[in-house]
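Participant: First the structure, then my questions, so here it is.
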Number of protein chains: 2
Amino acid sequence: MERLPAAITKLINFFERLPGIGPKTAARLAFYLIQTPTSFVEDFSGALVNIKREVSLCRTCFNIDDVSPCRICSDHARNRELLCVVEKPLDVLAIENTGNYQGLYHVLGGVINPLSHIGPDQLKISELLNRLSEADTIIKEVILATNPTMEGEATALYLKREISKVAPKVKVSRIGHGLPLGADVDYADPGTLTEALRGRQDF
Amino acid sequence: MERLPAAITKLINFFERLPGIGPKTAARLAFYLIQTPTSFVEDFSGALVNIKREVSLCRTCFNIDDVSPCRICSDHARNRELLCVVEKPLDVLAIENTGNYQGLYHVLGGVINPLSHIGPDQLKISELLNRLSEADTIIKEVILATNPTMEGEATALYLKREISKVAPKVKVSRIGHGLPLGADVDYADPGTLTEALRGRQDF
C-alpha cells in the first residue's frame, strides 16, 4: 500500500484498530468515505468527538449515559431490591432490550483475567461491595450476569464469596438457562436472555 | 435502544451507514470507542476530516491521490503504452499490490447499471475516450479490468465498442483467467490477479 496518500493510510490504520475490522475491511471503509459527501464525513467526525464529550460513566452503577446518576439508577419505578452485575455497558443494553428486567445494574468494566493482568482492583468490585454494605441499602438479590466463559465464571465465584462476606443476607444468583457456554451476553437474542433471567439459580 | 444517550445512537447510526456494518457491529464499535482514550477518538476524528481535505481525484486517470496528476500518471518509468481500466480506486490498489503491472490506469468510478440509474454519462467514459483519441497519445493497449459481474461485463462490452470507434488501432483486452465469475477485483489475492493480468485475451 506504499502508493496510498498518507491521509488514507492513516484512516485505514484507525479503522484497523477497531475490534473485528481487518485490513481489507478497513481499506473498504476508508475508500467508501472518500467518495461520500464532505458533510457526511464531517458529521461522522463530529459524532466521534461528541461521544467522549457527552457520554460518561454513572457514578453509581458505572453504566454509560449522558447524565450521572444514569437514567436507570435514578428511575424510581424500577425494582431497587434487585441488582444485576454485568461485564460491560453493552450487556445492560442487551438485558434492557428483553423488556423483562426491572431491577438495577452494576457494570464491572470487565472480568478478572490474570493473563491480561486484570485483577479485582481493576474492576468496579469494591464499588459493588460498598453498594451492598451501605446502611440504607435495600438490595435483596444480586444476579451475577457475567458471561458464561472461564473468566466470567471465575469472576462470578469471586463475587459470590466477597458478597457473602460484606452482605451475608443478600441472595446471590447466577444468570441461568439458555446461554451456551463460551457465548457472549450481548449477542444473545432477547428470548434467550429472558429465559436466562427467569431461570437463574442459587449460586 | 431507547435508553441510549443521543451521542451514542448518533455514532451507531453513522457506523451503520458504512458498507458491511450491521446494527450489532455498529453498536460494538461505538461502545468500544467510548472506552478508548480521548486522544484516540480525537485523532480518529481528525483523520476522517483530513481524508476529504487532502485526498482528491487525479484529473487524468481519476484515481485518488494527494497530488494531481497522481503519482502513477506522473511516473515516467511506467509503461505509457498500456492502460488498465478499473471500476474504483481500490482496484488500482489491488493491481498495484501484485507488483506485476507497470502500465497506467483509468478509474471509471463505477459500472453501467441501469437499475441504479448509472449510465455511461455518470462514469469517466468520455474522459477515457478523450485520452485514447488525443493526437499525441501513445496508448497501444487497453486492458478492461472491470469486475467479472453482469454489470462489469456489460460495461466492458460497451467500452470495447466505443473504443473501436474513436481509436480503432488500439488493442482492447479483457482481464483474464483466475477471477471466478461474480467475484470482486479488490478481494482477489495478488497471485490470482497476476494470472488474470497475464492471461488477458482479445475482446
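Participant: Exactly one of these conditions fails for A:Arg53: (1) part of a helix (DSSP H, G or I); (2) surrounded by fewer than 23 Cβ atoms within 10 Å (Cβ to Cβ); (3) touching a residue at least 24 places away in the same chain (Cβ under 8 Å). Give me its number.
Facilitator: (3)
Participant: Determine whether A:Leu48 is part of a helix (DSSP H, G or I) and either out of contact with any helix residue (DSSP H, G or I) (no Cβ under 7 Å at 6 or more places or on another chain) or of a type outside the set (Gly, Ala, Ser) (or both).
Facilitator: On the way: part of a helix (DSSP H, G or I): yes; either out of contact with any helix residue (DSSP H, G or I) (no Cβ under 7 Å at 6 or more places or on another chain) or of a type outside the set (Gly, Ala, Ser) (or both): yes.
Yes: the conditions hold for A:Leu48.
Participant: May I pose another question? B:Ile8 is checked against (1) touching a residue at least 24 places away in the same chain (Cβ under 8 Å); (2) more than 7 Å from chain A (Cβ to nearest Cβ) and fails just one. What number does that condition carry?
Facilitator: It is condition (2) that B:Ile8 fails.
Participant: Looking at the range A:11-28, which of its residues are at the interface with chain B (Cβ under 7 Å from one of its Cβ atoms), closer than 20 Å to B:Ile34 by Cα and assigned to a helix (DSSP H, G or I)?
Facilitator: Listed by number, the residues that qualify are A:Leu11, A:Phe14.
Participant: Would you call B:Glu81 more than 11 Å from every other protein chain (Cβ to nearest Cβ), buried (at least 19 other Cβ atoms within 10 Å of the Cβ) and of a type outside the set (Gly, Ala, Ser)? Spell out how you get there, then give the answer.
Facilitator: On the way: more than 11 Å from every other protein chain (Cβ to nearest Cβ): yes; buried (at least 19 other Cβ atoms within 10 Å of the Cβ): no; of a type outside the set (Gly, Ala, Ser): yes.
Answer is no for this residue.
Participant: Taking the stated definitions as given, is B:Ala26 surrounded by 14 or more Cβ atoms within 10 Å (Cβ to Cβ) and either under 16 Å from A:Val92 (Cα atoms) or touching a Phe, Trp or Tyr at 6+ places or on another chain (Cβ under 6 Å) (or both)? Break it down stepwise before answering.
Facilitator: Numbers: surrounded by 14 or more Cβ atoms within 10 Å (Cβ to Cβ): yes; either under 16 Å from A:Val92 (Cα atoms) or touching a Phe, Trp or Tyr at 6+ places or on another chain (Cβ under 6 Å) (or both): yes.
So B:Ala26 passes the test.
Participant: For the structure I just gave you, tell me whether A:Ile64 is more than 7 Å from chain B (Cβ to nearest Cβ), surrounded by 14 or more Cβ atoms within 10 Å (Cβ to Cβ) and out of contact with any Asp or Glu (no Cβ under 7 Å at 6 or more places or on another chain). Explain how you work it out, then say what you get.
Facilitator: Details: more than 7 Å from chain B (Cβ to nearest Cβ): no; surrounded by 14 or more Cβ atoms within 10 Å (Cβ to Cβ): yes; out of contact with any Asp or Glu (no Cβ under 7 Å at 6 or more places or on another chain): yes.
No; evaluated as a whole, the condition is false for this residue.
Participant: Given the structure, is A:Ala188 surrounded by fewer than 19 Cβ atoms within 10 Å (Cβ to Cβ) and either of a type in the set (Val, Ile, Thr) or touching a residue at least 40 places away in the same chain (Cβ under 8 Å) (or both)?
Facilitator: On the way: surrounded by fewer than 19 Cβ atoms within 10 Å (Cβ to Cβ): no; either of a type in the set (Val, Ile, Thr) or touching a residue at least 40 places away in the same chain (Cβ under 8 Å) (or both): yes.
Against the criterion (surrounded by fewer than 19 Cβ atoms within 10 Å (Cβ to Cβ) and either of a type in the set (Val, Ile, Thr) or touching a residue at least 40 places away in the same chain (Cβ under 8 Å) (or both)), A:Ala188 does not qualify.
Participant: Output the qualifying pairs, or none if there are none: Cβ atoms under 6 angstrom, residues six or more apart or on different chains, first residue in the range B:84-111 and more than 11 Å from chain A (Cβ to nearest Cβ), second residue in a loop (DSSP other than H, G, I, E, B) and of a type in the set (D, E, K, R).
Facilitator: B:Gln102/B:Arg78; B:Leu108/B:Glu87; B:Leu108/B:Lys124; B:Val111/B:Glu87
Only the coordinates and a few stated rules stand behind these numbers; no lab work does. The structure presented is a predicted model; accordingly, all values stated were derived computationally and were not measured. Heads up, the Cβs are rebuilt from the backbone with ideal geometry, glycines too, and the neighbour counts pull from every protein chain shown.
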